[in-house]
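A.B. asks: Once you've had a glance at the structure underneath, I'll fire off some questions.
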Amino acid sequence: MTAVSVQGVRKVFNAGRNDEVVALSDVDLTVESGQFVSLIGPSGCGKSTLLRLIADLTAPTAGSVTVAGKPARRARLDQEYGIAFQQAGLFDWRTVRRNVELPLELRKIPRQRRRERADEMLALVGLSDFAAHYPAQLSGGMQQRVAIARALAVHPKLLLMDEPFGALDEMTRERLQAELLAVCAKTETSTVFVTHSIPEAVFLSDLVVVMSARPGRITDVIPVDLGPRTEATRQSAGFFTAVTKVRKALRGTPTAVTADT
Amino acid sequence: MRKVLGALAAVLLGIVAWESYKAVGDPDGTVVAGVRILPRSDDAAMPHVLDVVRRLARPELAGGRPVWQVLVDACLFTLGITTVGFLVGALVGLLLAVLMQRFRVAERGLLPWVVLSQTVPLVALAPLVAGWGGRIWPAWMSVSMIAAYLAFFPVAVGMLRGLQSPSPAGVELMRSYAAGWWRTLLKLRLPAATPYLFPALRLAGAAAVVGAVVGEISTGTRGGIGRLVIEYSREATTDPAKVYTAMLGAALLGLVVAGAVAALEFPLTRHRRKVLLP
């Protein structure tokens, strides 16, 4: 089954004014069920806009977006997806557990089940001991894990992530990447992941979608087949080959392999 | 405990400052080039603190009740008026803020009027409102309305800022949960607004006290602390300590209201107190 289908999408901001910007043009994208797809490209290439279109946080100027076989708006109203942004965006006045419970509360799930589910999700991201803490008491990496737990709490079939690890240090980032893959495998979630880190995109994805700016469009779709990921994957020849491939696609010219993680 | 000691020390400091000025200041005030730069410090202008306290215990008029009893009664009367004014003002302010947050056009249309409302002199407005007393509502309600008129302003302005304070990411998150305006208000905007609400409520409490006292004076309402301030000040030359007892009562009323607002705040800011702990 297809998790996300984007067809002939065009997005224009400030249409008809002299500051008109074509953010996306002629975008087609298909995410199969269970697939992990990264969107990568320079700033202003519209990768975040594309994610927001899938989430129905903004509407396309032309074309259609289908999520779980429904129009994007319907899918949002049915809460077919979970979403996480670069900023964890936790609510300061709620404990960690109650932050994770928030989407469940809005779905009117009974208190007892809400609590069970939140605890289950916190265990998944390794934060069971911090359920009663407030966000301000956690480190940035822990906050981001809470945000991921919150996105996963409704057991969405689709996970949308907009540079969720962008603000984290490298060590935390690599650990969370591995954790995210484990969680996605366990919950059989399809994921659309926006990043501007090439190694991150390669390590996480089945499919790396390369985009370019002005106007934002998809220039290349690179399948990555490295099997189940382990820490050894980051050192494997196949990993570096894929990194080079993505880098070439991004720059349009061949370059030497460097390990800029 | 430390807070109580601090408050007592502050009161003590005030008394010491008062009495030391009285001891060293010129009884006729210091006048430089025809302008008085320091106040008179004679017994008529600045009675001894002890005299003011003693005056509290003596009867208001010959053979009448002691002054402190009269003051407590007056404070309670004004406290009732203030409370009603504060609640009405806070509610109106809250509703206005929600309305202005919800509709951009309401913010643009209403906010100038809200600001303008506070520039109208209260003394000009009071007789008009007083005219409604006894017809639309009991006379004391007019004073409450004047208090409410002053109290709604800080709540409307502070609350509007608070409701607009959530980040776009928070608002989008609620949108991704298919939460409508009402549920976004309940789950996101109102909780996010509490840090803005309580300072606004404290201002509103103070404004309600001022409104009630001034309202009593300008509508000629009897029984409250505002009336006492006026009555006692007529005796300023013969009984200066009595004037200060009325002011003491007004100050006490302000403290009680401030304390009540602070008590309101306590249960709603648990997370901030907890996070601040080491």
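The values are calculated or read from the model by the stated rules, or taken from the named source; none is laboratory data. Note that this is a predicted model, so its numbers are computed, not measured. Glycine also receives a Cβ, built like all others from the backbone with ideal geometry; neighbour counts cover every protein chain displayed.
A.B. asks: So which of A:ASP162, A:ASP206, A:ASP169 is in the same structural domain as A:LEU51 (by TED's automatic domain parsing), surrounded by fewer than 18 Cβ atoms within 10 Å (Cβ to Cβ) and touching a helix residue (DSSP H, G or I) at 6+ places or on another chain (Cβ under 8 Å)?
C.D. replies: A:ASP169
A.B. asks: B:GLN69 versus (1) part of a loop (DSSP other than H, G, I, E, B); (2) without any contact (Cβ under 8 Å) to a residue 60 or more places away in the chain; (3) under 30 Å from B:LYS22 (Cα atoms): which is the lone unmet condition?
C.D. replies: Of everything listed in (1) part of a loop (DSSP other than H, G, I, E, B); (2) without any contact (Cβ under 8 Å) to a residue 60 or more places away in the chain; (3) under 30 Å from B:LYS22 (Cα atoms), B:GLN69 misses just condition (1).
A.B. asks: Here's a follow-up. Does A:GLY227 satisfy the condition of being assigned to a loop (DSSP other than H, G, I, E, B), under 25 Å from A:GLU32 (Cβ atoms) and touching a Ser or Thr at 6+ places or on another chain (Cβ under 9 Å)?
C.D. replies: yes
A.B. asks: Does any residue of region B:85-100 turn out to be over 21 Å from B:ALA193 (Cβ atoms), crowded, with 16+ Cβ neighbours inside 10 Å and not basic (Lys, Arg)?
C.D. replies: Yes, region B:85-100 contains at least one residue that is over 21 Å from B:ALA193 (Cβ atoms), crowded, with 16+ Cβ neighbours inside 10 Å and not basic (Lys, Arg).
A.B. asks: Please name all residue pairs, on different chains or six or more residues apart, with Cβ atoms under 6 Å, provided the first residue is in region A:1-22 and is without any contact (Cβ under 8 Å) to a residue 40 or more places away in the chain and the second residue is surrounded by fewer than 16 Cβ atoms within 10 Å (Cβ to Cβ) and acidic (Asp, Glu).
C.D. replies: Pairs found: A:ASN14/A:GLU20.
A.B. asks: A follow-up question, please. Can you name the residue in region A:40-57 that is within 12 Å of chain B (Cβ to nearest Cβ) and assigned to a helix (DSSP H, G or I) and, of all such residues, is farthest from A:TYR81 (Cα to Cα)?
C.D. replies: By that ranking, first place goes to A:SER48.
A.B. asks: Can you tell me which of B:LEU186, B:LEU253 is surrounded by 18 or more Cβ atoms within 10 Å (Cβ to Cβ) and aliphatic (A, V, I, L, M)?
C.D. replies: After ruling out the rest, the residue left standing is B:LEU253.
A.B. asks: Filter region B:106-135 down to the residues that are part of a helix (DSSP H, G or I) and either on the phi > 0 side of the Ramachandran plot or surrounded by 16 or more Cβ atoms within 10 Å (Cβ to Cβ) (or both) and list them by number.
C.D. replies: Residues of region B:106-135 part of a helix (DSSP H, G or I): B:106-117, B:122-132.
Within region B:106-135, B:GLU107, B:LEU110, B:VAL114, B:LEU122, B:LEU125, B:ALA126, B:VAL129, B:ALA130 meet the criteria.
A.B. asks: Next question, about the same structure. Which condition number in (1) under 26 Å from A:VAL194 (Cα atoms); (2) in a helix (DSSP H, G or I); (3) more than 12 Å from chain B (Cβ to nearest Cβ) is the one that A:ARG117 fails?
C.D. replies: For A:ARG117, the exception is condition (1).
A.B. asks: If a residue has to be within 13 Å of chain B (Cβ to nearest Cβ), assigned to a loop (DSSP other than H, G, I, E, B) and not hydroxyl-bearing (Ser, Thr, Tyr) to count, how many in region A:58-81 make the cut?
C.D. replies: 4
A.B. asks: Can you name the residue in region A:82-111 that is part of a loop (DSSP other than H, G, I, E, B) and of a type in the set (Lys, Arg) and, of all such residues, is farthest from A:GLY166 (Cα to Cα)?
C.D. replies: By that ranking, first place goes to A:LYS108.
A.B. asks: Just for region A:82-103: of the residues that are more than 8 Å from every other protein chain (Cβ to nearest Cβ) and closer than 15 Å to A:MET142 by Cβ, which one is modelled with the lowest pLDDT?
C.D. replies: A:ALA88
A.B. asks: Check off (1) closer than 30 Å to A:SER5 by Cα; (2) touching a residue at least 12 places away in the same chain (Cβ under 8 Å) for A:GLU105 and give me the number that stays unchecked.
C.D. replies: All conditions are met except number (2).
A.B. asks: Among the residues of region A:132-141, is there at least one that is surrounded by 19 or more Cβ atoms within 10 Å (Cβ to Cβ) and either outside any helix (DSSP H, G or I) or modelled with pLDDT of 90 or more (or both)?
C.D. replies: yes
A.B. asks: Of all helices (runs of 4 or more DSSP H) completely enclosed by region B:174-278, which ones contain at least 1 residues that are away from chain A (no Cβ under 13 Å)?
C.D. replies: In region B:174-278, B:181-184, B:190-219, B:225-233, B:240-265 are the helices (runs of 4 or more DSSP H) which contain 1 or more residues that are away from chain A (no Cβ under 13 Å).
A.B. asks: Then there is this: Sort out which residues of region A:178-216 are closer than 19 Å to A:LEU124 by Cα and at pLDDT 90 or above, and write them in order of number.
C.D. replies: Our first condition is that a residue be closer than 19 Å to A:LEU124 by Cα; within region A:178-216, this holds for A:178-191, A:204.
Result: A:SER190, A:THR191, A:LEU204.
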